[in-house]
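*Asks:* Structure provided below as structure tokens; questions to follow.
The values are calculated or read from the model by the stated rules, or taken from the named source; none is laboratory data. Given the structure is predicted, the values throughout are model-derived calculations rather than measurements. Every residue, glycine among them, receives a Cβ derived from its backbone with ideal geometry; neighbour counts consider all protein chains shown. Only protein heavy atoms, including side chains, enter the accessible area calculation; ligands, DNA and RNA are left aside. Shrake-Rupley method; radii C 1.70, N 1.55, O 1.52, S 1.80 Å.
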Amino acid sequence: MASNAAARSSQLIDVVFHWFGSAWAQAIIVGVERAAAPEQISIVLSELGGSHRPDQEWLDSIMARRPLGVLLVLSGLDEMQRHQLSSRSIPFVVVDTDGEPPSEVPSVGSNNWSGGLSATRHLIGLGHTRIAVISGPEDVLCSRARVDGFRSAHDEVGLHVDPAMICWGDFEAPAGYEHAARLLQQQQRPTAIFAGSDSQALGVIRAADDLGLRVPQDLSVVGYDDVPLLEWVTPPLTTVRQPLSEMATVATQMLISMSRGEQLSASRVELGTELIVRKTTGPPAG
């Protein structure tokens, strides 16, 4: 594989997003660049329009371009696509996988279950007992893991989880707004909402404001990711820090090693998360 890589005229890495119109994607790009720039490797960005699987046209363009490797962000390949890339000696690594990848597929992620657990523990510790979660798509592994952590935090203290308090969004602000607007107009509304992304958390805060609710006095909100600048919103957002740039850097380093024919020390890497408490959470009113 090393000789194949050396023979290629272009030193490129293809970075494939299911969707990159967000600060989350920008953090990933920064991490890729951190590893690629010292090696004088260029980056080509692709977007799948929200899909988690590329089509054959995309795959044909990759095989024609023959990059050093492919980085798939919140997306993946089916068995035939993996075979096609492998047959051309084009390595690939998955970042924040949308599902459970086969054991032979290198991947880098973070502990989403732990993130969901710590966010919900924080809210329960403040005295909240009616907590909603607005996660990402239900068919995406990290979304389900965050909800599993949410459930586990309730189980620890014997709190019942109302199924109506579990919502599936798409990680974007409009989904956070729409779900929150519905939840907050219920007779027994939640006193806290754990959003599966910072963007969805901003949608939640906007919905609360439109309904005349104050954050955190009337509603506590926790986000997820800790993307840059969100600590500067008013009030600054309590969130779960996911090391997005570090995940991308590690994945890119793995890809570069694979392109040189080097053996990876580990094919699965999972980085830790950290709860960052700011000003959008507090005890429930009353």
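*Asks:* From (1) open to solvent by less than 30 Å² (accessible area, probe 1.4 Å); (2) within 23 Å of the chain's Cα centre (by Cα); (3) more than 23 Å from residue 121 (Cβ to Cβ); (4) in contact (Cβ under 8 Å) with a residue 40 or more places away in the chain, pick out the condition that doesn't hold for residue 207.
*Replies:* Answer for residue 207: the failing condition is (4).
*Asks:* Of all residues being at pLDDT 95 or above and part of a loop (DSSP other than H, G, I, E, B) in the stretch 136-159, which is nearest to the chain's Cα centre (by Cα)? Just the residue, please.
*Replies:* So the residue we want is 159.
*Asks:* Right, next: When you scan the stretch 105-134, how many residues do you find that are part of a strand (DSSP E or B) and farther than 30 Å from residue 253 by Cα?
*Replies:* Residues that pass the stated criteria total 4.
*Asks:* With the checklist (1) within 27 Å of residue 19 (Cβ to Cβ); (2) acidic (Asp, Glu); (3) not in a loop (DSSP other than H, G, I, E, B) in hand, flag the one item residue 170 doesn't pass.
*Replies:* (3)
*Asks:* Among (1) assigned to a helix (DSSP H, G or I); (2) open to solvent by less than 40 Å² (accessible area, probe 1.4 Å); (3) under 15 Å from residue 119 (Cβ atoms), where does residue 221 come up short?
*Replies:* (1)
*Asks:* Continuing with this model, one more query. In the stretch 125-142, how many are open to solvent by 30 Å² or more (accessible area, probe 1.4 Å) and among the aliphatic types (A, V, I, L, M)?
*Replies:* 2
*Asks:* For residues that are open to solvent by 30 Å² or more (accessible area, probe 1.4 Å), at pLDDT below 95 and not small (Gly, Ala, Ser), scanning just the stretch 18-37, find the one that is farthest from the chain's Cα centre (by Cα).
*Replies:* Checked the stretch 18-37; the qualifying residue farthest from the chain's Cα centre (by Cα) is 30.
*Asks:* From the set of residues in the stretch 232-259 that are under 16 Å from residue 106 (Cβ atoms) and of a type in the set (Gly, Ala, Ser), which is surrounded by the fewest Cβ atoms within 10 Å (Cβ to Cβ)?
*Replies:* 257
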